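Asker: Take this structure, written in structure tokens, and hold onto it; I'll ask about it next.
Laboratory data are not the source of any read-out in this text; all were calculated from the coordinates shown. On a predicted model such as this, the values are computed, not experimentally measured, just so you know. Positions of Cβ are backbone-derived with ideal geometry, glycine not excepted, and every protein chain shown enters the neighbour counts.
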């Protein structure tokens, strides 16, 4: 079992020192994930606060058979950050003054995690049409909504929704 | 829902493009739909390598102390046995477990049938409202009072299982305790109860337009 997985087992048992150890080991990575989505340090701190409370509460539901513990903690923090982005009115494309301040478009696919899974995902993403791929990365990494992605890529909203859905379908088939 | 639709919905949830309402409903549904939960887990695994695209950044130094305070507030203090971990994994179970625990305090009179209960949780799973439905009447009690954002109102909605659109049950009054008796629907197990933030006077469209503040799913109290 990895160190992180062992920590999650202790956290599930109510071990607060283990939660602190997890925080020390992963907060820089996880804060980066929240910052990419929220682009605001106070709100990213809120996301880590909410996310770590969720990690404490849900550690028992972590299943090592379903993936790496870093993926699990990353997902918990991402969803906490996405909830905050939704609360601040992400559905309104003009509402987000910070949009575009920090173009973390992540077209540098080379930064995708090394390892077999990362290499496969990178190769599958490379097979997608350019705007399709950018839409998926803008959603996952930068937390943009459909209307925001449409504005960013200068495409009609309906087109963006359909392309992203089709892109996900292609990815699933490619990775199968 | 076909397997294709379920998988597409799970993928969009993981990608983050679902709106607040859709995401909250999907989370609630994952509690009872194991196939949906598995589809979400599979998508989390597929897309996890993208997590490394976000540049790492150090959080503010005082953040851990704040998280520790949050643990203390949200979870019962440790006694002989560590109790600060909620034993349930997520929304649905949590609501019913809290409801079952609190039912004893609320149900002082004998009920002719098993009442339905839930606890409405915030997006970070903090208990916010206790909901009890008996017969046609739904009663709500605030577990801790929160002021609604100035210039906005809170509106109550119910979504019976299988329905596609929620029904408004009216605006949430200032008082921390109120009841409603809907004329067009009857409280039933599995019904989603939610409170959204809306413009003054309530949603102009008859559908929720603002973010979900609190959400929970009715289930039979005590499991009897």
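Asker: How big is the gap, in Å, between the Cα center of segment B:172-224 and the Cα center of segment A:20-41?
Answerer: Between the Cα centre of segment B:172-224 and that of segment A:20-41, the gap is 34 Å.
Asker: Then there is this: Measuring from the lowest to the highest alpha carbon on each principal axis, how far does segment B:3-53 reach, largest first, in angstroms?
Answerer: Computed over segment B:3-53, the largest-to-smallest principal extents equal 32, 21, 18 Å.
Asker: Here's a follow-up. Shielding of A:14-25 by partners, i.e. mean partner chain Cβ atoms within 10 Å per residue?
Answerer: Taking all residues of A:14-25 together, the mean is 3.
Asker: With r as the distance between the Cβ atoms of residue A:172 and residue A:63 and R0 = 22 Å, compute the FRET efficiency 1/(1 + (r/R0)^6) and round to 0.05.
Answerer: E between residue A:63 and residue A:172, to the nearest 0.05, is 0.60.
Asker: Need one value for B:56-69: mean number of C-beta atoms belonging to other chains within 10 Å of its residues' C-beta atoms.
Answerer: Other-chain Cβ atoms within 10 Å of each residue's Cβ, averaged: 6.
Asker: Once both axes come from the Cα atoms, what is the angle between helix A:16-38 and the longest principal axis of chain A, in degrees from 0 to 90, rounded to 10?
Answerer: On a 0 to 90 degree scale, this one is about 10.
Asker: Based on the Cβ-Cβ distance of residue A:154 and residue B:152, what FRET efficiency does E = 1/(1 + (r/R0)^6) give at R0 = 35 Å, to the nearest 0.05?
Answerer: 0.60
Asker: Can you tell me the 0 to 90 degree angle between the C-alpha axis of helix A:157-175 and the longest principal axis of chain A, rounded to 10?
Answerer: 50
Asker: Would you mind calculating the gained length between residue B:144 and residue B:181 on full extension (0.36 nm times residue separation, minus the Cα-Cα distance), in nm to one decimal?
Answerer: Working it through step by step, the gained length comes to 11.0 nm.
Asker: Taking the radius of gyration and the Kirkwood hydrodynamic radius from Cα positions alone, what is the Rg/Rh ratio for chain A, to two decimal places?
Answerer: My calculation of the ratio gives 0.99.
Asker: Now, a different point. Can you give me the orientation-averaged projected area of the convex hull built on the Cα atoms of segment A:1-88, in nm²?
Answerer: The number I arrive at for segment A:1-88 is 5.3 nm².
Asker: Shifting gears a bit: Can you sort A:174, A:124 from fewest to most other Cβ atoms within 10 Å of each residue's own Cβ?
Answerer: A:174, A:124
Asker: Under the definition of partner shielding as Cβ atoms of other protein chains within 10 Å of a residue Cβ, what is the mean value for peptide A:127-135?
Answerer: Across the residues of A:127-135, the mean count of other-chain Cβ atoms within 10 Å is 0.
Asker: Take peptides B:164-174, A:125-135, B:118-128, A:29-39 and line them up by average Cβ neighbours within 10 Å, highest first, as a rough protection proxy.
Answerer: Ranking, from highest mean packing down: A:29-39, B:118-128, A:125-135, B:164-174.
Asker: Shifting gears a bit: Can you put B:117, A:66, B:30 in order of Cβ neighbours within 10 angstrom, beginning with the fewest?
Answerer: Ranking B:117, A:66, B:30 by Cβ neighbours within 10 Å, fewest first, gives A:66, B:30, B:117.
Asker: On to the next question. Relative to the first principal axis of the alpha-carbon coordinates of chain A, what is the inclination of helix A:41-58, with its axis defined by its Cα atoms, in degrees from 0 to 90 and to the nearest 10?
Answerer: Computed tilt is about 50 degrees.
Asker: If you rank A:109, B:26, B:159 by fewest surrounding Cβ atoms within 10 Å, what's the result?
Answerer: In increasing order of surrounding Cβ atoms, one gets A:109, B:26, B:159.
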